[in-house]
Amino acid sequence: MADGVARSPAAALERLDEITRRLRRECPWDREQDERSIVPHTVEEAYELADAAASGDDEKLLDELGDVLFQVHFLSLLLEERGAGSLAAVADACREKLVRRHPHVFGDVEAETAGEVRRNWDEIKRTTEGRAGAGLFADVPDNLPSLLYARKVLRRAERVGRGADRAAALEHLEIDFDRLAEDGDRTREALDVTIGEMLLAVVELATAVGADPELALRAATKRRERRIGDDVAADE
């Protein structure tokens, strides 16, 4: 070990676990937390991690990965305190799931393309993992961010041949643009429906062409932010 940095992943994780346990014992704020109060911080850290990954800043990515890792340790410790699990149980369950969902790596199933891997993955979730009797969208969380929720629903619909369709998405966008361009008063409810359908069509189009709508929108917003910032700076 040099400069306080553990050389092996196992040693580093053990040290982080020790710190997490000490904080839980000795820090008044950490002692008060439960999974309901800590998860908003988990979500915030996940978004900061996504931003770091999109920025291409490796130093920032390293830092944000650590914040998310601490969240995993802390939530696992809460499970351990009530005898419902542990960090080891979390890691073992994750390992078993990855092995089960990658039979083309750990078994004798063949999958030559990413699309085949995803179809196998979905089929394993539906059958092997006891979800066959549930509805098509039963395990799609309602509280996902809207873009991710729409994308997940569309991808799940692929199982029944109703997935994202590029031509249909473009047609829906054209129809909805025409509706917005029409003269006359429109109620707030009608506008909400039209805008919602347009947003869904954009997500469908992105999914159909293999783009991630969340990342695409974030990148476009960043470009707009920079342009406005540059214009404001130029006027000063």
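The values are calculated or read from the model by the stated rules, or taken from the named source; none is laboratory data. Computed from a prediction, not measured in an experiment: that's the story for all the values here. Here the Cβ is made from the backbone with ideal geometry for all residues, glycine too, and neighbour counts use every protein chain on show.
Can you confirm whether region 77-90 contains a residue that is within 27 Å of TRP121 (Cβ to Cβ) and either of a type in the set (S, T, N, Q) or under 19 Å from the mean Cα position of the chain (by Cα) (or both)?
yes
State all residues of region 42-63 that are surrounded by 11 or more Cβ atoms within 10 Å (Cβ to Cβ) and of a type in the set (Asp, Glu); if no residue qualifies, say none.
So in region 42-63, the residues surrounded by 11 or more Cβ atoms within 10 Å (Cβ to Cβ) come out as 42-55, 57, 60-61, 63.
Passing the criteria: GLU44, GLU45, GLU48, ASP51, ASP57, ASP63.
Could you please tell me which pairs satisfy a Cβ distance under 9 Å, a separation of 6+ or placement on different chains, a first residue in region 56-74 that is more than 15 Å from ASP17 (Cα to Cα), and a second residue that is polar (S, T, N, Q) and assigned to a helix (DSSP H, G or I)?
Close Cβ pairs satisfying both conditions: LEU61/SER55.
Testing PHE137 on (1) aromatic (Phe, Trp, Tyr); (2) within 30 Å of HIS102 (Cα to Cα); (3) over 25 Å from the mean Cα position of the chain (by Cα), one condition comes back false. Which one is that?
Against the list (1) aromatic (Phe, Trp, Tyr); (2) within 30 Å of HIS102 (Cα to Cα); (3) over 25 Å from the mean Cα position of the chain (by Cα), PHE137 comes up short only on (3).
Listed here are the residues, each with its yes/no results for (1) over 23 Å from the mean Cα position of the chain (by Cα); (2) in the same structural domain as ASP212 (by TED's automatic domain parsing).
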position	(1), (2)
VAL105	yes, no
ALA114	no, no
LEU147	no, yes
LEU154	no, yes
GLY163	no, yes
LEU170	yes, yes
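So that you can scan it fast, the table gives a plain yes or no per residue for (1) surrounded by 15 or more Cβ atoms within 10 Å (Cβ to Cβ); (2) aromatic (Phe, Trp, Tyr); (3) in contact with a helix residue (DSSP H, G or I) (Cβ under 7 Å, 6 or more places away or on another chain); (4) more than 13 Å from SER146 (Cβ to Cβ):
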| residue | (1), (2), (3), (4) |
| --- | --- |
| THR194 | yes, no, yes, yes |
| LEU205 | yes, no, yes, yes |
| GLY210 | no, no, no, yes |
| ALA216 | no, no, yes, yes |
| ALA220 | no, no, no, yes |
| GLU225 | no, no, no, yes |
| ALA233 | no, no, no, yes |
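Please verify whether region 30-41 includes one or more residues that are loosely packed, with under 11 Cβ neighbours inside 10 Å, within 30 Å of ARG155 (Cβ to Cβ), out of contact with any Cys (no Cβ under 9 Å at 6 or more places or on another chain) and modelled with pLDDT under 95.
Yes - at least one qualifying residue is present in region 30-41.
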